[in-house]
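The values are calculated or read from the model by the stated rules, or taken from the named source; none is laboratory data. These numbers were taken from a predicted model, which means no experiment stands behind them. For neighbour counting, all protein chains shown are included, and Cβ atoms are generated from backbone atoms with ideal geometry for every residue, glycine included.
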Amino acid sequence: MQSILLIGLNHKTAPVEIRECLAFSGEEASGAAAALKEKDSIDEVVLFSTCNRVEVLLTSSDPGRAAVEVKTFLAHFKQVPGERFEKALYVHQGEAAVRHVFRVAASLDSLVLGEPQILGQMKASYAAAVDLKSTGVVLNRLLHRAFFTAKQVRSETGIGDHAVSISYAAIELGRKIFGELSGKKVLLVGAGEMAELAIEHLIRNRSGELLVANRTFERGMSLAQRFRGKAIRFEEIPEALAQVDIIISSTGSPDFVIVPSHVKSVMRSRRNRPLFFIDIAVPRDIDPAINRISNVYVYDIDDLKGVVDDNIQDRKREAVKAERLVDEAVIKFRQWMENQAVVPTIVALRKKIEDIVDSEFGKTMPNLGTLSDSQQAAMARMKAALINKVLHYPTIFLKNGGCRPDKTASVGTIRKLFHLDEDV
Amino acid sequence: MHILQLITIFLYLLSTAGYVGYLFFQQNSWEKAGCGLLLTGFLCHTAFIIGGSLTTGLYPGRNMYQTLILAGWAFSGVFLFVRFKFNLRVLGVYAAPFAAVVMMMASRVPTDVFADSRFFKSFWVFFHVLAMFLGNAAFALACGVGILYLIQEKTIKSKTQGFFFKRLPSLELLDSVGYRCIVSGFVFLTIGLAAGFVYAKIAWGRFWSWDPKEVWAAVVWLFYAALLHERLTVGWRGRRAAIMSIIGFAVVLFTFLGVNLFLKGHHGDFTRW
């Protein structure tokens, strides 16, 4: 009997020092999968490697030996002593392995719950395995089901909804205010890593002209050049408020840089078009009283963190639904696996009975002398009837699993009873 | 109650259930069901009105009953237009129950008291009534959009993204749909008033007779004219525009119902009950 086996480590079991030692680049992964495929104990194999996990998924008729071989192979291939990562490794077999694969694909096992990249990474690894022809019936089916379930989880639950990073949360808010961000003018006040990240997101959303205001004009100019924007002087900020739509502020200033009077005076010339302030600075740059002005919205770093925390909680709630979908998929896959086991057993059983009947007929027939055609036909009919009658009830027993939920047990019984596995 | 009216109410109620389901579960299938049911209800509603007019040979709008039926019809029609034009799906949560309530109100008023039927043979009257109701329906939708705007604005301002944040569209979309509703409502209202003046001249020999309904219609017209003027000149948009569209609709409602119930005048006949 073939068994599904998964051996690996991830961000929960291994610190980054170990993960980076074992991570495979794309080419390395193909080479490693090809080498693993050559092992006697391994039938089908796929290797997944991302920055958060390294996992080998395989099928084997001797899972114990396969697990040891994979461990020694990893140590050898990556030149890392086995004992360094031994403890971080998890080994899942059978249904546990299936569940693990489904959960990983559905991003339930990710560092950021519901992040969408993992599915693409798994698909790429699988495509590489298909190129190598290292997968067969079982893993093909398993991975297709995993991808299907992952899509189902994404569309039927809210696990991927809503930003779980500060800069994405800001973008999402912008979309709820402006509808589209394309063409919206942005003013960057001061500079900081997080502000730059937000700017990059905005540019990806095709935002309009970018203005950069910095205390030191020179630094502002170099920033503006990087993002193809225009530098303005710090004193020009109040006037710039009349033209821009989104303001991202992250100066080191101890006092508010923009106060309500600045905003009130421009709202009329803006004809009340909305203004969105994103204040990433600590201490804050934007007076929170500005939020009270009509059509003006101010979010500071804590507000954005609050949004992100809420969204993470939402995702956790949605994950419960996702686990249920995974459960269903695991059960369906188990049924498929069992049927896979049933069909070859039926075939083997028929072959076994046919062989017995044929060999006994072969021994007896010569002693009967020459038979007429009609006598030979009658003997052949008897042979067929004998085989069918003997097989009738065992076949039914296999097909309905002996009225028990787990078909593998009845398959095992039949295989032992009729001695179908010669080597056992 | 006429069987078509019953079916219409039933479909509008089912559509309401579909939209409420959409609001909670956020699955497009719920919205599709709600929209499909509303569309079917609207067709049924149309058949009901046309059938009624064909049997009597008169344009609809002769008593409170027919007036409400016509108002509900105009409202469903205008909502469906907005739904497909702007893809503002969540508005169905407001529109479907609104249409259902109007139709149910119609089923509670007597159907057998009528205004003088001679008015309802003139095309001008029909044109006047139709334009007025389409205009009022557009204002009713603007009010619904305004309510959605205020809810969404509050979730963003208060920084608590609760139930509504992800369920409601962007402020920009709500603001622009509300604005367009008011512009089209205003156009219909103007056409309706003009048609009314023409018919008043034909029927009573004068354009204007200080009838309370006429006065209030003029108030409504001036109100929305001021609202549009302020938007175009100083940019009355967002929160203030939303509040104004809600107040405006309250004035419309009073003009539509209140004037006929509390004040007298020649329009009173058309909403007898």
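Hey, could you check segment A:234-288 for residues that are among the acidic types (Asp, Glu) and within 14 Å of chain B (Cβ to nearest Cβ) and say which is nearest to B:VAL234 (Cα to Cα)?
The residue in question is A:ASP245.
Which of (1) within 14 Å of chain B (Cβ to nearest Cβ); (2) in a helix (DSSP H, G or I); (3) modelled with pLDDT under 90 does A:ASP302 not meet, given it meets every other one?
(3)
Quick check: is even one residue across segment A:155-176 within 14 Å of chain B (Cβ to nearest Cβ), touching a Gly at 6+ places or on another chain (Cβ under 7 Å) and either part of a helix (DSSP H, G or I) or more than 22 Å from A:THR50 (Cβ to Cβ) (or both)?
no
Testing A:ASP161 on (1) buried (at least 17 other Cβ atoms within 10 Å of the Cβ); (2) in contact (Cβ under 8 Å) with a residue 60 or more places away in the chain; (3) touching a helix residue (DSSP H, G or I) at 6+ places or on another chain (Cβ under 8 Å), one condition comes back false. Which one is that?
Failed condition: (1).
Checking A:ALA231 against (1) more than 11 Å from every other protein chain (Cβ to nearest Cβ); (2) aliphatic (A, V, I, L, M); (3) in a strand (DSSP E or B); (4) under 36 Å from the mean Cα position of the chain (by Cα), only one condition comes out false. Which one?
(4)
Among (1) over 30 Å from A:PHE397 (Cα atoms); (2) in contact (Cβ under 8 Å) with a residue 24 or more places away in the chain, where does A:ALA329 come up short?
So the condition that A:ALA329 fails would be (1).
State all residues of segment B:49-79 that are of a type in the set (A, V, I, L, M, F, W, C) and over 12 Å from the mean Cα position of the chain (by Cα); if no residue qualifies, say none.
B:ILE49, B:ILE50, B:LEU54, B:LEU58, B:MET64, listed by residue number.
Look at A:LYS363 and say whether it is in a helix (DSSP H, G or I), within 14 Å of chain B (Cβ to nearest Cβ) and among the basic types (Lys, Arg).
no
With the condition being within 14 Å of chain A (Cβ to nearest Cβ), I'd like the helices (runs of 4 or more DSSP H) fully within segment B:155-273 carrying at least 1 qualifying residues.
The helices (runs of 4 or more DSSP H) meeting that bar are B:171-204, B:212-234, B:239-253.
Residue check: is A:LEU181 away from chain B (no Cβ under 14 Å) and among the aliphatic types (A, V, I, L, M)?
no
Mind listing whichever residues of segment B:17-66 are among the basic types (Lys, Arg) and surrounded by 16 or more Cβ atoms within 10 Å (Cβ to Cβ)?
Matches in segment B:17-66: B:ARG62 only.
List every residue pair whose Cβ atoms lie under 6 Å apart, where the two residues are 6 or more positions apart in sequence or sit on different chains, the first residue falls within segment A:2-27 and is outside any strand (DSSP E or B), and the second residue, located anywhere, is surrounded by fewer than 15 Cβ atoms within 10 Å (Cβ to Cβ).
A:GLN2/A:SER61; A:HIS11/A:LEU111; A:CYS21/A:VAL80
Tell me which of these A:GLU218 doesn't satisfy, since it passes every other one: (1) within 22 Å of B:LEU173 (Cα to Cα); (2) outside any loop (DSSP other than H, G, I, E, B).
Status for A:GLU218: all satisfied but (1).
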